[in-house]
Amino acid sequence: MRRNGPVGPASDRHWRGSARLAVTCAVLFTALAFTVDWDAGTLTAPRALLWVALSTAVCAVLLPHRVSAGPGWLAVRTPWRRLVVHTDALAAVRQYDGVSSHLVLRDVHGHRLELDPRVLAANPLIWHELDTGVRRSIERGTLHRGADVLERLGHRIDDETTQAVLRASGLS
């Protein structure tokens, strides 16, 4: 059945699996800690609370940020807050490489967010929304720094997509 009206925002299609992995790791950590503590005969209520608190911290650390995008905006939801930038009013884009590569986007309204560029490569709809917003920012003259960063990222994403299509079709 076809939906009428506007399409909902694009969101990270791999987030649920990553979140499930984070929760599974935290639950396994708790179970292992309880088992070892119980086997040693040292499991008490305060220690059980400590293990639950530590497993909650493990889950919070492992839980990936949830990225979504719509016409003119990109949002990153962390466990504590939601950050939004207006992609059609971007002022600067920077990419930091290293152990954990990340993009930093800042709009003319002073909003700022960071995201992993691999999320954009894995989610073409989010990349499309960001790319469309960047083009509007360039047309409006608000994007002063970083257009080249996004152009390089776009070429890399296009190359990865092309390689994946060729591999899937058996031509590579």
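Each value in this text was obtained by applying a stated rule to the coordinates, not by laboratory testing. Here the structure is a predicted model, which is why all the values come from computation and not from measurement. Positions of Cβ are generated from backbone atoms using ideal geometry, with glycine treated the same way; all protein chains shown enter the neighbour counts.
Derived value for the stretch 32-73: Kirkwood hydrodynamic radius 12.7 Å. Basis is the mean of 1/r over every pair of different alpha-carbon atoms.
Using only alpha carbons, the stretch 90-172 has a radius of gyration to Kirkwood radius ratio (Rg to Rh) of 1.03.
For the stretch 76-115, the alpha carbon convex hull comes to 63 Å³ per residue, rounded to a whole number. Look at the alpha carbon pairs under 8 Å that are at least 6 residues apart: their mean separation over the length of the stretch 54-127 gives a relative contact order of 22 percent. Our note on the geometry: Cα centres of the stretch 11-63 and the stretch 146-167, 37 Å apart. In the chain, the longest principal axis of the Cα atoms and the axis of helix 124-140 are about 40 degrees apart.
The orientation-averaged projected area of the convex hull spanned by the Cα atoms of the chain comes to 15.6 nm².
Each helix, a run of at least 4 DSSP H residues, gives -39500 (n - 2.57); summed and divided by the residues of the chain, these come to -17500 deg cm²/dmol at 222 nm. Helix 15-40 axis versus longest C-alpha principal axis of the chain: approximately 20°, rounded to the nearest ten.
For the stretch 13-166, the relative contact order comes to 19 percent (Cα pairs under 8 Å, sequence separation of at least 6).
For chymotrypsin sites (Phe, Trp or Tyr not before Pro), the sites in the stretch 79-172 that DSSP calls loop and that have at most 16 other Cβ atoms within 10 Å are Trp80.
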